1. Starting from the amide H of Glu429, placed 1.01 Å from N in the peptide plane, find each other amide H under 5 Å away whose residue is 5 or more places distant or on another chain.
2. Over what distance in Å are the Cα centres of region 343-385 and region 402-467 separated?
3. May I ask you to give the average projected area over all directions of the convex hull of the Cα atoms of region 50-164, in nm² rounded to one decimal?
4. Could you let me know the centre-to-centre spacing of region 50-91 and region 127-181, using Cα atoms, in angstrom?
5. Enumerate the amide H contacts of Ser169 below 5 Å, restricted to partners 5 or more residues apart or on another chain; note that Pro and chain-start residues carry no placed amide H.
6. Set Lys and Arg Cβ to +1 and Asp and Glu Cβ to -1, take the dipole of the chain about its Cα centre, and tell me which of Leu434, Ser169, Ile89 lies farthest positive.
7. Which one of Ala494, Thr324, Tyr298 has its Cα pushed farthest toward the positive end of the charge dipole of the chain, where Lys and Arg give +1 and Asp and Glu give -1 at the Cβ?
8. Can you work out ³J(HN,Hα) from phi for every residue in region 353-365, in order, using Karplus 6.51 cos²θ - 1.76 cosθ + 1.60 and θ = phi - 60°, giving whole Hz and x for Gly and Pro?
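Each reported figure results from applying straightforward, stated rules to the coordinates on display, with no laboratory input. All of these numbers come straight from a predicted model, not from anything done at the bench. Ideal geometry is used to build each Cβ from the backbone, glycine not excepted, and the neighbour counts take in all protein chains shown.
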Amino acid sequence: MTQSTKNKYGQYFTHPAMAAFMVNLLGLEKTAKVLEPACGPGVFLEALQQAGYKNICGMDIDPAFAHLENVNCGDYLQDKTLQGACDGIVGNPPYIRWKNLPEPLKSNLKTSEVWNTHCNSLCDYSTPFIAKAVNDLKPDGVLVFITPEYWLYTYHTQKLRDHLLANGSVTQLFHFDEANLFDGAKASFIVFRFKKNSVCDTAVWKLKNKKNFDFSMLATISETTGSDAFEHFSTPRFKPGTRWGLEPVETAGTLNALEQVCTPKHKTTHSRLGDVCDIANGMVSGLDAAFQIKNLTYTENEAEHVLPIAKARHLSGITLTEITPYLFFKNPIAYTQSDFSALFPQFAAHLQAYKPALDKRYNYGRQLQAWEWAFPRNYALLSKAVPKIFVPCKERLNKNTNHRFTWIPAGVYPTQDVSALIKKQGVAESLGYLHAFLRQALVTLWIRNRGIARGGVSEFSEGALASIPVRLIDWENPEECEIHASIEQAHAKAIAGDTSAWASIEFLFNKLLMPPQGSLRD
């Protein structure tokens, strides 16, 4: 079947080579009872038969597949007969968001024990399949699924991750990035092998180049080594209550040491960026082209309603390279259309050219004036007359680039492609110190491995930013106080254009982040 037959059940059909690869990962006796809980046209059932498995069965909610041999038509999530009954479960659970689920499936989920215990309405439809499959395994049973990677790190899937750890371990994980595994689906996919009652580290294989992927590469994966196509390493056993980063043991040790040095005296957890900064997502105009007035000549009266905006593309990682003027009205409902045209003629003429598109923009359930921003979120917080740190909400990185945390002067605002950091009142560390800290190589390494990333793109949402470790100063330690003052002075020089100052900053942070034994924090 081709993806043109995809239906309301969120089906994406698996390539036979991938099904054979996953069946091979089961590693079970051929007499084992193996289930495929969302079997579709039967590619996994066929792979199981070809591998010699004798006791196999499939289930699918879609009646189009009810005629297949060994297939029961029904909703796997409603089944109560399989708990603890399966030696192995293998397959490709459906991917569909809660908001896109048909009402009958939503109603079923509301009565599903695994959904109510381990999931929520921010989860994908595949997550309850994972949770139930864990329950349906016998002791030492094996689960092999192919899914999007997002549940490894998002906050709303923490219960699911903890459920897996409470029952066993992910023994193997294959990360395919955004390789073209499914017709019509663009996402970052993983294949994982879970063993019930197991306690072990995780062997990881990561695809090196998604653009060059071919299903024939699956045959080159060795049990113990990588290949030309896959990097191979072991990552420490995942921990409850955390996101699951795929990092080599050596990297994990380095990042654990960073978190330890960011843990204040007499505390058990490290300080986080959310402890010292308010985090605000940028405002949403709904149609940036209409509100940008970079090349517009406007009146003195109109100039009072021009807002300086920082766009993501103008964040250099040190300072802002360009400011884009936007028209903005703090109290847009104060004007009628005729008032607005009379008081702001250049703005009115400019907006008229965009009227059809403005009428169609997403309005968050409100009737918007043409000159009214769709969602001026966080305006009060962003209006604080203090310098800030801006960072793109999403950023694709390669090994030679840093995250573009950028020093922003007071009075400049972000739009929706930018997140802002505003130092909280009462925080003793300077904003310059915090900006310099976020540019350190160890912090970049932490974000790449333990931050939120999808398909090689780092995400800087509020939650992702808030979780970044921060090395706070021990203000009772004169040496640390002196280091902070020196970093602040060097940062001021760096922002003014003295590029040599960054070397001094790095040297000073090395004293804080990798202190020699017996110094600083005894």
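1. Counting only residues 5 or more places away or on other chains, the set is empty.
2. Cα centroid to Cα centroid, the span is 28 Å.
3. Projected over every direction and averaged, the Cα hull of region 50-164 covers 7.7 nm².
4. Cα centres, region 50-91 to region 127-181: 18 Å.
5. Lys195, Asn197, Ser198
6. The Cα lying farthest towards the positive end belongs to Ile89.
7. Tyr298
8. Ordered by residue, 3J(HN,Hα) equals 5, 10, 4, x, 5, 5, 5, 9, 5, 5, 10, 6, x Hz.
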